[in-house]
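Some notes on the structure that comes next.
The values are calculated or read from the model by the stated rules, or taken from the named source; none is laboratory data. This structure is a prediction, so every number in the text was calculated from the model and none was measured. With ideal geometry, Cβ positions are generated from the backbone for all residues, glycine too; neighbour counts draw on all protein chains shown. These area figures cover heavy atoms from the full protein model, side chains too; ligands, DNA and RNA do not enter into them. Shrake-Rupley method; radii C 1.70, N 1.55, O 1.52, S 1.80 Å.
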Amino acid sequence: REQMAAFLVRAYDLGGSTSGNPFVDDNNSLFENEIEKLQASGVTKGCNPPTNNRFCPSQPVRRDEMATFIARASGLSAINPTPRVEVGEVDVHIYPGDDIDWIANDNPKGTVFMIHGEHHSQEVWPRDYQVFIGAGDAVMDGDDWASEAFHSYAKGVQIIGIEIRTYEPGDWLVEDCNIHHNRTAGIWLENGDPVVRDNYIHHNDRSGVSVRYTTGGLVENNEIAYNNYRDYWDWGNEAGGGKMWDNDGLVLRGNWSHHNHGPGLWTDYNNINIIYENNLIEDNYANGIFHEISYDAVIRNNVFRRNGFDHDAWMWGGGIMIASSQNVEIYGNVLEDNYNGIAMTRQSRGTGEYGEWTLANNYVHDNTVIDSGLTGAAQDVGNNNIYYSNIRYENNTYSGDVG
């Protein structure tokens, strides 16, 4: 902890005015001055609350402590997730035969509704911040012709615990829903900072999740499976587990994407500041995670198994596939039995919102690749610039059938 204090004080130029002797256990520390500056700057309070008269200079730093120190030193503010709404907060109950759209528009913004039973061919245009909770038996069925269960012009809408089928559903907060057998995407999100979590999204005709034009969205802890299962759509265009388009700061975390006829998860076109972490990606026809003609991303601590066997050409079919994208860091992943491993391609794809779509400044390190074909970078632009583009593969572990 004493060395950490010195690092933070130097890195963040912390120079708070010290007074007295706030900690009784740092007098013999080489870094006493830095420890006291850390305390004066408000970065540390001590290690023995509530007294907090000790710093514990010789103890190792835990991960949660380090997160706290960095957040305080950097002045980071907390991200407040969309609050969950409890059943006890329900304002209006909706039963089979009720006109959900009429009821929604007859009530003010922020009304909490509970939906009971099965409802057919209804399309709802919510007002801002309205909440729709399923009562446990709630089903909205589009009967194979209705366009969308919930349309997406309102702000801050929440949809929780409803089975939605044979529709093309909307966006906002979508939580604890069973979304299946819809004609195109199971969930289609546009704009804002939507949250999709804890859903079962499966057997939709085109893709599981489509996310576009968002800032700071979250796709978390969903099971995304068997989408494009009838192969109606060319997955090389847009089909499979999910396709994300032109997003800034999207986080895809803790999802299980499997048996989709296409990529497992796919960020294509002008995506930037993307994080993929702690996902399980298995048995998808195409690339496991596919980051294409986009920009800065982190792909970390994911597991990939048996992906890419329907895309078995050149460097394609990777557990992780990077196409003409730059500033990507890939680490801590485990890849096993994929057609290819961690593959990158550079082609002539043009220029996007944040610069050229090219392969540069990508760092692949500390991954484990087992029986997963080719790992590396390739180009078909007719020059050797790829060798001078700061593409690094370091400290990875390879075993079995790899190249």
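Observations, loosely collected:
- Taking strands (runs of 3 or more DSSP E) as the structural unit, those lying wholly within segment 124-164 and holding at least 3 residues that are more than 15 Å from Val92 (Cα to Cα) correspond to 139-141.
- Which numbered condition Asn228 fails, given (1) among the polar types (S, T, N, Q); (2) closer than 28 Å to Trp145 by Cβ; (3) modelled with pLDDT under 95: (3)
- Flag if Ile386 is over 25 Å from the mean Cα position of the chain (by Cα) and open to solvent by less than 20 Å² (accessible area, probe 1.4 Å): yes
- Those residues of segment 26-53 which are of a type outside the set (S, T, N, Q), more than 24 Å from Gly75 (Cα to Cα) and surrounded by fewer than 17 Cβ atoms within 10 Å (Cβ to Cβ), in sequence order: Leu30
- Any chance Arg305 is more than 14 Å from the chain's Cα centre (by Cα), open to solvent by 20 Å² or more (accessible area, probe 1.4 Å), closer than 21 Å to Ala225 by Cα and in contact (Cβ under 8 Å) with a residue 12 or more places away in the chain: yes
- Consider segment 130-164 and keep the residues that are among the aromatic types (Phe, Trp, Tyr) and modelled with pLDDT under 90. The one that is most open to solvent (accessible area, probe 1.4 Å) is Tyr153.
- Verdict on Arg197 being modelled with pLDDT of 90 or more, touching an Asp or Glu at 6+ places or on another chain (Cβ under 6 Å) and open to solvent by 10 Å² or more (accessible area, probe 1.4 Å): yes
- Restricting segment 308-343 to residues that are open to solvent by 10 Å² or more (accessible area, probe 1.4 Å) and among the small types (Gly, Ala, Ser), the residue that is nearest to the chain's Cα centre (by Cα): Gly332
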